[in-house]
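So the structure is just underneath, and the comments pick up after that.
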Amino acid sequence: MFSKINGIGLFGMNAFMISCEISTSSGTPTFDIVGLGDIAVQESKMRIKAALANSDIYLSQQRVTINLAPANIRKIGSMYDLPILVSLLSAENIIRRDISKSAFIGEVSLGGDLAGVRGALSMVIEAHKNGIEEVYLPYDNAKEASVVEGVRIYGVKNVSELAKHLTGKPVIPVTEPYIPTAGEYFTGADYSEVRGQENVKKAMEIAAAGFHNVLMIGPPGTGKSMIAKRLPTILPQMTFDESIETTQVHSVAGMLDDKHPLVTARPFRNVSHTASAVGLIGGSGIPKPGEISLAHNGVLFLDELPEFDRKVLETLRQPLENGEITISRAMGSVCYPCNIMLVAAMNPCPCGNFGSPNKKCSCSKLQVQNYLNRISQPVLDRIDIQVEVAPVNFEEMTAKEKGESSAAIRERVQRARDLQERRYKGTGIKTNSQITPGLLHEVCVMSEEAKAMMRNAFDRLGMSARAYDRILKVARTIADLDGEEIISKKHISQAIGYRSLDRKYWASR
Ligand SMILES: Nc1ncnc2c1ncn2[C@@H]1O[C@H](COP(=O)(O)OP(=O)(O)OP(=O)(O)O)[C@@H](O)[C@H]1O
Ligand SMILES: [Mg+2]
Ligand SMILES: [Zn+2]
């Protein structure tokens, strides 16, 4: 007797189809599983035997060999329990449904219940690509999986229910496709609560419009953290495709729950400065996504930037440049997306008052330098917009009228995003921050005056090629907010202004 059941495997975020082949014969009872399974796969025998017995299903076959094909791909995890178990049922000839276009995922407990698995969304997407029409998976994963259009999802609670269903009695209902509500906005806080700091809010608006990285430097209590935390209120809603991408990462990390089967609000990951490199960019045994990937399509907020371990910050360089991160392990490499907006805040020195107009800094020159030097030039270089946050004056603090609302700012951001979407259609680029070198001069056309100013700045400031590119991209965004196609002198001048803190604070290097 020989049969084949479809299953789906996962490594990192890469899902792949497997088929579970079973061969049975009479003789001394044996149960072997071959096909590069890890310990969890080897142990599935015990779980499955107990689960079947506890579901009152008794097998007549004695010698059983299971092959998880393709045999050259490692199978790690417990999601293979279910296809193995269904293979056994099929060998018993008790399956009466056509399951040639079905796939099975899930871990079974000794008692016969199914336990949720991580990464279900990625696995169902892969199954759909391979022509699978229905997927049986643990009930806990059903809502998440039902987001994928064109696949029937069966949420299975336990083995006996599944066995009954497969014998022909349709006892498990098809999961209603989850229709996500439109992308959510972040609520609960608003830019109207921030007094003064108009230039900082403008910088955040530009950053949000072009998805640029931004750094705020200033003394304590001036509103840096407050301003950063309100950034999600001016970012455009997530599109459905962005939701799916981000949800896949959260699914692999095991961070979804029944109430939130789809991530619909842009992530805002406020990471503690005690974070390790693994916590930030991902890794460990079977590489897990780090904060930078959990923030995919959203914001990674690093408050008190110099308090982070310098080595940890350096690990951000590659992912920030590439928008994805590859983690290599002996068992294979894993790639996670991390198209993020980095938002960082810091004091300029240990006491916080260096450069302040009204407070005296009590640090030595060396202390200030050491503090600033915790941020390396390459990391700094990747931050397109740097802005100084000065103390708010009394008039601003006590002014009657509130600041502009987040909704009003968001409207301008959205308009600039719409422009970018039209401009980059079909290029794979979403925002100005992602403009490729090949496209830079085509999409960033400057007026003659603007060009002259850029040339002047390039020579005078000893600008690097990278700084030049980044200034041009920010100028592109400022022009988009103005609704202008040609970049003018005013746009260039503002964009250069956002790179001047480099020279004020880090002039010595
Ligand atoms: N511009 C502002 N408008 C209104 N309230 C403000 C402003 N700046 C600061 N505050 C008030 O001060 C509190 C502290 O501000 P916040 O934590 O943002 O300062 P910070 O610049 O991050 O300081 P630190 O450098 O110490 O982290 C805020 O929660 C808010 O109540
Ligand atoms: Mg703060
Ligand atoms: Zn100081």
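Each value in this text was obtained by applying a stated rule to the coordinates, not by laboratory testing. Bear in mind that the values here come from a model prediction, so they are computed numbers and not experimental data. No Cβ is skipped: glycine too gets one built from the backbone with ideal geometry, and neighbour counts run over all protein chains shown.
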Query raised in the report: In what sequence, highest mean first, do 125-136, 422-433 appear when ranked by Cβ atoms within 10 angstrom?
Result: 125-136, 422-433
Query - Between 0 and 90°, nearest 10: helix 39-53 axis offset from the chain longest Cα axis - result: 50 degrees
Query raised in the report: Exposure proxy check: Lys164, Lys504, Lys224, Lys229 ranked by fewest other beta carbons within 10 Å?
Result: Lys504, Lys164, Lys229, Lys224
Query raised in the report: What's the FRET efficiency of Asn322 with Ser362 using the Cβ-Cβ distance as r and R₀ = 30 Å, to the nearest 0.05?
Result: 0.15
Report task. Using only the alpha carbons of region 2-166, determine the length spanned along each of the three principal axes and report them from longest to shortest in whole angstroms. Result -> 45, 34, 26
Query raised in the report: Net charge near Val299, counting Lys/Arg +1 and Asp/Glu -1 over other residues with Cβ under 10 Å of its Cβ?
Result: +3
Requested in this report: Mind ranking 375-386, 293-304, 19-30 by how tightly packed they are, going by the mean number of other C-beta atoms within 10 angstrom, highest first?
Outcome: 293-304, 375-386, 19-30
Query - Local net charge near Ala253, Cβ-Cβ under 11 Å (Lys/Arg +1, Asp/Glu -1) - result: +1
Query - Within region 87-112, backbone nitrogen closer than 11 Å to the virtual label 7 Å beyond the Cα of Ser60 toward Cβ - result: 92-94
**Report entry** Cα-only radius of gyration and Dmax that characterise the chain, units Å
**Finding:** 27.7, 91
Query raised in the report: Taking every eigenvalue of the Cα gyration tensor of region 191-430, multiplying by 5 and rooting it, what semi-axes result, largest first, whole Å?
Result: 31, 25, 15
**Report entry** Calculated SAXS-style log₁₀ I(q)/I(0) at q = 0.18, 0.29 Å⁻¹ - region 328-392, Debye, Cα scatterers
**Finding:** -0.81, -1.29
Query raised in the report: If you line up the long axis of helix 406-423 against the longest principal axis of the chain, both from Cα atoms, how many degrees apart are they, to the nearest 10?
Result: 70 degrees
Query raised in the report: Pairs Lys400/Lys489; Lys201/Lys360; Lys202/Lys365; Lys288/Lys473; Lys365/Lys451: which are spaced more than 28 Å apart, C-alpha to C-alpha?
Result: Lys400/Lys489; Lys202/Lys365; Lys288/Lys473; Lys365/Lys451
Query raised in the report: Across the Cα atoms of region 213-294, what radius of gyration and what greatest pairwise Cα-Cα distance (Dmax) are found, in Å?
Result: 14.9, 43
Report summary line: The Cα extents of region 441-509 along the principal axes, largest first and rounded to whole Å, are 38, 21, 18
Query raised in the report: What net charge is computed for the residues neighbouring Val64, neighbours being all others with C-beta under 13 Å from the C-beta of Val64, Lys and Arg scored +1, Asp and Glu -1?
Result: 0
**Report entry** Amide H contacts under 5 Å for Gly77, placed H, 5+ residues apart
**Finding:** Asp38, Ala40, Val41
